[in-house]
Amino acid sequence: MRLTMAVSRDMAFSEFPNAGRRTINVPMPLYNLKDLRAALPRGQRLIGLDPGTKTIGVALSDVLLMLASPYGSLKRGKLKANAAEVLAIARKEGAGGLVVGLPLGMDGSFGPAAQAARDWALALSEATGLPVALWDERLSSSAVNRMLVGEADLSRSKRAAVVDRAAAAYTLQAALDATAPAARVPPPVPDES
């Protein structure tokens, strides 16, 4: 988000290219997921991201915000390059927001990994211009690994290729489920007997 303010001519801002006008970059805020979901224009999707040390798992919701699907994975690199890749996916798929996995401690504590994920999410949001919300991702990779071993019977090397995007989908699906509007149940039909 950019904020532009006028300053008086008697202030010494001649070193700025637009003397008399000054732009201040305001960081994008973190959103509560319910607020982010409510603010999305109809038909826009959410991108789920599971940032790891080597790769970033990517998932995509459907336009109704009911179902998350694995989308792919990105090689973790410089923020600018990763932001460009995420923005390209958002434009191609019609996504209007990001949900980034937050690795809280098992006791719910906010440790160094969670702080790093929060900082990365804020920087990514600012670089892409997309709003971001964080979602607890505890045990998402473990759950996905158990499923891939137990049900899909994948070897370790094959699991490594899909676990990041599947963990992103697992986290995004949990976020969608937890913030889904309550189902409207029709009133009972009176018995005419």
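The strands (runs of 3 or more DSSP E) falling completely within the stretch 26-91 that include 1 or more residues that are among the charged types (D, E, K, R) and exposed (fewer than 15 other Cβ atoms within 10 Å of the Cβ) map to 68-75. Filtered by the rule that a residue be over 22 Å from residue 162 (Cα atoms) and over 14 Å from the mean Cα position of the chain (by Cα), the stretch 115-141 gives 115, 116. Of all residues in the stretch 92-118 being in a strand (DSSP E or B) and touching a Pro at 6+ places or on another chain (Cβ under 8 Å), which is surrounded by the fewest Cβ atoms within 10 Å (Cβ to Cβ)? It comes out as 96. When 21, 9, 91, 76 are checked against the criterion of being at pLDDT 95 or above and among the basic types (Lys, Arg), 91 stands alone in meeting it. Among the residues making up the stretch 150-175, those that are among the small types (Gly, Ala, Ser) and modelled with pLDDT under 65 are 150, 152, 155, 157, 160, 161. Against the test of being buried (at least 17 other Cβ atoms within 10 Å of the Cβ) and modelled with pLDDT of 85 or more, the options 123, 178 yield a single qualifying residue, 123.
The values are calculated or read from the model by the stated rules, or taken from the named source; none is laboratory data. Note that this is a predicted model, so its numbers are computed, not measured. Ideal geometry is used to build each Cβ from the backbone, glycine not excepted, and the neighbour counts take in all protein chains shown.
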